[in-house]
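First the structure, in the form of structure tokens, and then the observations on it.
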Amino acid sequence: IAVACQQKAKVEPLREDPEVAARVKKETAVMARMTGPRPGTPTSLDEAAALERELTRNPEDWATREKLLDFYRWTGKNTQSWNDNVAARRRHALWLVEHHPENFLVMRAPVTKETDPEGYAQLRKRWLALTAPANVDGRVLRNAAWFFALPERHPSRPTGPQEIIVAEGLLHRALAQPESRRADDLYTGRV
């Protein structure tokens, strides 16, 4: 019985959807031209790997995490394969939601049903568990709502329907808290 409990289910490798990959690359290229890379953003896979090692030593290093999230946006400098990029964004998104769901960097690690169904399912489960209690921090509610309904102009927003009903419920709860009046920014795309 002990051996059977330790076996892990085999996870199918991620498969690139060429249409989704092309659209995501095109849209993020447009955003990258508009915003440009921040200073210190890695320009190669080797630089990103070095920053990942730094982050392993100090996971709370926000500047390093932010630089890596910039790199994983497909800014043109990132030559990773689709699978590696999706896995990297998923890893950062899961860590952020698990350890700091109130942090604004959660919104820098988008994971969608369309681009990463498995990662979306994992994050969805975590967000629903985090937001279930009645006394949840408004910032957590706002970030969870953002996850369920990416802003319209976000480059990673899927073409299909979002979980708007879930997002709206979270936003209403966030708006009921005085420190979270910015929740309406999700509708205007200002986040």
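Things to note:
- Compared with the direct C-alpha span, the chain from residue 134 to residue 17 gains 38.2 nm at full extension, assuming 0.36 nm per residue.
- 3J(HN,Hα) along the range 16-21, derived from phi through the Karplus expression 6.51 cos²θ - 1.76 cosθ + 1.60 where θ = phi - 60°, amounts to 6, 8, x, 5, 5, 4 Hz, with x in place of Gly and Pro.
- Highest average packing first - 15-22, 47-54, 112-119, Cβ atoms within 10 Å: 112-119, 47-54, 15-22
A short reminder: the numbers here are calculations on the coordinates, not readings from a lab. Note that the structure is a prediction, hence the values are computed from the model and not measured. Quick reminder, even Gly has a Cβ in these numbers, built from the backbone with ideal geometry, and neighbours come from all protein chains shown.
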